[in-house]
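*Asks:* Here it is, the structure, as structure tokens.
Just so you know, all these numbers are worked out from the coordinates, no wet-lab data involved. Remember, it's a predicted structure, so these values are computed and weren't measured experimentally. In this analysis, Cβ positions are derived from the backbone assuming ideal geometry, glycine residues included, and neighbour counts consider all displayed protein chains.
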Amino acid sequence: MRDFHFPGRSSVLATNGMCATSHPLGAKTAIDIMERGGNAMDAAIAGALVLGICEPQMTGIGGDCFVLWQQGDADVQALNGSGRAPAALDAAELRAQGETVVPIQSPHSVTIPGAIDAFCHLADTVGKLGLDTLLAPAIKAAEQGVPVAPRAAFDWRSDAHVLQGSARDFYMIDGRLPRVGEIFRAPGQAEVLRRVATSGRDAFYSGEIAEDMVNTLTGLGGRHTVDDFSAAACTETQPISGTYKGIEIVEHPPNGHGATALLMMNILAQFDLASMGPLGTQRTHLEAEAAKLAYDSRNRFLADADYTTRLDHMLSMDTAKALAALIDPRKSIPNATKISENVHKDTIYITTVDRDGMSVSLIYSIFNGFGSGIASEKFGILLQNRGSGFTVEEGHPNELKGGKRPMHTIIPGMLRRGGKVVMPFGVMGGAYQPNGHARFASNIEDFGMDPQSAIDLPRAFSDQGDMKVERGYSDQVRQELSEMGHKVSIPDTPIGGAQAILIRDDGVLEGASDPRKDGCALGY
């Protein structure tokens, strides 16, 4: 239990349904949907779509999603709603142009948006209320507008420089940054969603809407075609999992990098973290070293599921033990192998649990802040830059090829005990996400924290040679980490964000949401 003398958040407790996400209007939408008889999947879809209007720098209908869900005695199910590179694009073309990475704000970074296809599929196959009902709150939010929240305004200011062409008209207000509390509207997106509500996914992936996206991209030199859009399709997948002491962690398989989180937890399991201070130098150092080694494996092996190599090797405890043996408890090791894929920090996460026990873990993103910075000319659909998650390195499993999915940084998660799902959870933050999953699991298991306390705890992340340490750490820890060889900095932006819902044995739902974001947990 937190000390009520200090600022903080209490866990949110309810019995009928719960949502935790990064903006209150998204959480309220999800609860409204469940109160109307919708299930947790209905609520997650409706809430996520509203978040695309509340946090357009983080997510939107021009992006991708991954979903885990579970109900009753069924196994956890998974859906890959990520898009593919246009068929005519190839890394060889970029290498010939002298590129060493996929340019982040270019049409070549834009993969086909997969989220709308996934949402339509899930509404039809898992949801109860129907697509038109689920889209209605987002249509209303886009048309009438939403007040810009404080963290959204902060991120807008940090990321708006990438907006180009018509995107500046759609995502600025009279050519300037929106202020906190100012109303942001997206009437073009409202029209897109109305058409999807009436005609389903084909309204988005063919006809005028698809042509708007294709024409915008090809006008900038992209290789996209209407056939690329019409071929978009989500994929049902088989979750992967691993154990950390008394809990089992369920992750989405590649092209997501949930395997990185499982490997990192296996490495950390070789050390007695519970004997260390949760904000102490030793725990923070070991976590950073484990992250370097796990992420190096990710960079070598993870890609589109059809190209990923040696996944079993990544998930093997023998691999984790061998990597753990490389860690010096007193000294930072140099950064592991780098390749040229882009990693960044912008996404949203939403989790829901309904009165019948269905739990959903859904993550939805356009990748970098404001994605590619490119918006379709007519409807203002902001397009993701997930293609910058590819490498142009010849022969690499994650090499850019037409029709291929890039390695993705977004990973929904679930915790199980005794084979039963007890907590859907997610940690936003691009490359940080596997590290965030490992830290969250360790906070729960090693230090006995409740979900809100586990989320609140200050974070550190060794990111490509920069040891980012949030202000909540002591100066002494920062100094000791520097003496170990870490290049320590205090990040301008807090590291990631997280939400979780604990399904307690007594049937009570306990929601937690990260104070680093504008959002909250709500229940009824």
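*Asks:* Once amide H atoms are built 1.01 Å from N in the peptide plane, which residues 5 or more positions from ILE173, or in another chain, come under 5 Å H to H?
*Replies:* Those qualifying (amide H under 5 Å, at least 5 residues apart or on another chain) number zero.
*Asks:* Can I ask one more? Straight-line reach from LYS292: which lysines have a Cα under 17 Å away, not including same-chain ones fewer than 8 places off?
*Replies:* Partners found: LYS321, LYS331, LYS338, LYS468, LYS487.
*Asks:* Points 7 angstrom from Cα along the Cβ direction at GLU143 and LEU13: gap in nanometres?
*Replies:* Output for this residue pair reads 4.1 nm.
*Asks:* State whether the range 111-190 is rounded, prolate or oblate according to the following rule on the C-alpha gyration tensor (a ≥ b ≥ c being the square roots of its eigenvalues): a/c under 1.5 gives rounded; otherwise a/b larger than b/c gives prolate, and the remaining case gives oblate.
*Replies:* prolate
*Asks:* Based on the alpha-carbon gyration tensor of the range 129-247 and its eigenvalue square roots a ≥ b ≥ c, which shape applies: rounded if a/c is under 1.5, prolate if not and a/b is larger than b/c, or oblate?
*Replies:* It is rounded, given that a/c, with a ≥ b ≥ c, falls under 1.5.
*Asks:* Right, here's the next one. Output ³J(HN,Hα) for the range 424-441: one whole-Hz value per residue in order, computed from phi by the Karplus curve 6.51 cos²θ - 1.76 cosθ + 1.60 with θ = phi - 60°, and x for Gly and Pro.
*Replies:* Along the range 424-441, the couplings run x, 8, x, 10, 6, x, x, 4, 5, 4, x, 4, x, 4, 5, 5, 4, 4 Hz.
*Asks:* Provide VAL421, VAL146, VAL67 in ascending order of the number of other Cβ atoms located within 10 Å of each residue's Cβ, fewest first.
*Replies:* With the fewest neighbours first, VAL421, VAL146, VAL67 line up as VAL146, VAL421, VAL67.
*Asks:* Scattering from the C-alpha atoms of the range 253-412 alone, worked out with Debye: what is log10 I(q)/I(0) at q = 0.08, 0.09, 0.11, 0.18 1/Å?
*Replies:* Scattering profile of the range 253-412, log10 relative to I(0): -0.30, -0.38, -0.55, -1.17.
*Asks:* What ranking do 259-269, 116-126, 193-203 get when scored by the average of other Cβ atoms within 10 Å per residue, highest first?
*Replies:* Ranking, from highest mean packing down: 259-269, 116-126, 193-203.
*Asks:* Classify the range 27-77 from the C-alpha gyration tensor, please: rounded if a/c falls under 1.5, else prolate or oblate depending on whether a/b exceeds b/c.
*Replies:* Oblate shape, in that a/c is at least 1.5 and b/c is the bigger or equal ratio.
*Asks:* Which ordering of ASP354, ASP64 is given by a fewest-first count of other beta-carbon atoms within 10 Å?
*Replies:* Arranged by neighbour count, lowest to highest, ASP354, ASP64 become ASP354, ASP64.
*Asks:* Follow-up. What size of dipole, in debye to the nearest 20, comes out for the range 49-97 about its Cα centre when the only charges are +1 on Lys and Arg C-beta atoms and -1 on Asp and Glu C-beta atoms?
*Replies:* The calculated dipole for the range 49-97 is roughly 180 debye.
*Asks:* Calculate the dipole size of the chain relative to its Cα centre from +1 charges on Lys and Arg beta carbons and -1 charges on Asp and Glu beta carbons; express the result in debye to the nearest 20.
*Replies:* In debye, rounded to 20, the chain gives about 720.
*Asks:* By counting other Cβ atoms within 10 Å of each Cβ, how are TYR307, TYR205, TYR364 ranked from fewest to most?
*Replies:* By the 10 Å Cβ count, ascending, the order reads TYR307, TYR205, TYR364.
*Asks:* To continue, here is another question. Enumerate the whole-percent occupancy of each 20 Å bin, from 0 to the last occupied one, for all C-alpha pair distances of the chain.
*Replies:* 25, 59, 16, 0
*Asks:* Please state the equivalent ellipsoid semi-axes for the range 221-281: what are the square roots of 5 times the Cα gyration tensor eigenvalues, largest first, in whole Å?
*Replies:* 39, 15, 8
*Asks:* Next up: Out of residues 5 or more away from HIS23 or on other chains, whose amide H comes under 5 Å of its own, with H placed 1.01 Å from N in the peptide plane?
*Replies:* Excluding prolines and chain starts, which carry no amide H, the hits are GLY519, CYS520.
*Asks:* Moving to a separate point now. For the pair VAL180 and ASP75, how long in nm is the line joining their label points, each one 7 Å along Cα→Cβ?
*Replies:* 4.8 nm
*Asks:* Note down the nm distance, to one decimal, between modelled labels 7 Å out along Cα→Cβ at ARG330 and at GLN270.
*Replies:* 1.9 nm
*Asks:* Separate question: Hey, can you rank 97-105, 411-419 by average C-beta count inside 10 Å, highest first?
*Replies:* Going by the mean number of other Cβ atoms within 10 Å, highest first, we get 411-419, 97-105.
*Asks:* Quick one: putting +1 on the C-beta of Lys and Arg, -1 on the C-beta of Asp and Glu, what dipole do you get for the range 400-524 around its Cα centre, in Debye to the nearest 20?
*Replies:* Result for the range 400-524 is approximately 720 debye, rounded to the nearest 20.
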